[in-house]
1. By DSSP, what percent of the beta bridges with both residues in segment 1-146 are antiparallel, rounded to the nearest 5?
2. What shape does segment 1-118 have by the C-alpha gyration tensor, where a ≥ b ≥ c are the square roots of the eigenvalues, rounded means a/c under 1.5, and otherwise prolate means a/b greater than b/c and oblate the rest?
3. Name the shape class, rounded, prolate or oblate, that the alpha-carbon gyration tensor gives for segment 111-163, where a ≥ b ≥ c are the square roots of its eigenvalues, rounded holds for a/c under 1.5, and otherwise prolate holds if a/b is larger than b/c and oblate otherwise.
4. Between segment 199-253 and segment 94-173, what's the alpha-carbon centroid distance in Å?
5. Counting only C-alpha contacts under 8 Å and six or more residues apart, can you give the relative contact order of segment 15-105 as a whole percent?
6. Just rank 79, 37, fewest to most, by other beta-carbon atoms within 10 angstrom.
7. Separation between the residue 252 and residue 57 pseudo-spin-labels, each 7 Å from Cα along Cα→Cβ, expressed in nm?
8. By count of other Cβ within 10 Å, fewest leading, how are 256, 144 ordered?
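What follows draws every value from the coordinates through simple rules; no lab data is involved. All values derive from a computational prediction rather than experimental measurement. Glycine also receives a Cβ, built like all others from the backbone with ideal geometry; neighbour counts cover every protein chain displayed.
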Ligand code: HPA
């Protein structure tokens, strides 16, 4: 299995890709959100997971992130693309845009965000939270597929499930955040802990609170997400062809210099 895709609000079964097989996996951390659907994209065998479960029943703060990421590892996946809905904070971030974030700020709480709760003590390097090799390939895929991508941005991850207040968004903007979502963490750091490459594709579904004039609605989120499906699919097809099969990035070796205990 070469690639894993996590999808969220609005793009559940990645309509149009032929499902070859469904795999149910139980992990030492419990059950993943859903079955993994095995699809072939441009000849690349890909495992696809709905983050929010069948028919969107798991809210962001209740997702078993550890089981979801572990399940990918168990399937032999080495690289994950995580698709998510976000609110746009920065001036150049508008609904419908697709962002490939390069940095992340985590302000979630109460989530199990490590596989190392002791006695093994591990501090992974997270200077670059997203795989640089995957980011490069996805930027090229965007150009090749003719899909406009905002190729960097800082994703701030809130706990949810509520949306933010105007003052919170103002504060996050001052912190340097460009988009806000609820699921980017701990997906990114758990993947790193297992030596998996991880890239995010964030679809801006709305202006974050207080940025636009309108009140935020989930209808807006789902409709904008659905409106981006065909662009995401074109992008994924090209990305599958362009992401190198052999990894030359640092992600796989991260544990070599991360263990405190013997
Ligand atoms: N805030 C947090 N998460 C989100 C938003 C938002 O405005 N839109 C989509 N996911």
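1. Percentage antiparallel, nearest 5: 55.
2. It is oblate, given that a/c is not under 1.5 and a/b is not larger than b/c.
3. oblate
4. Here the answer is 11 Å between Cα centres.
5. 22
6. Lowest to highest Cβ neighbour count: 37, 79.
7. It works out to 3.8 nm between the two label points.
8. 256, 144
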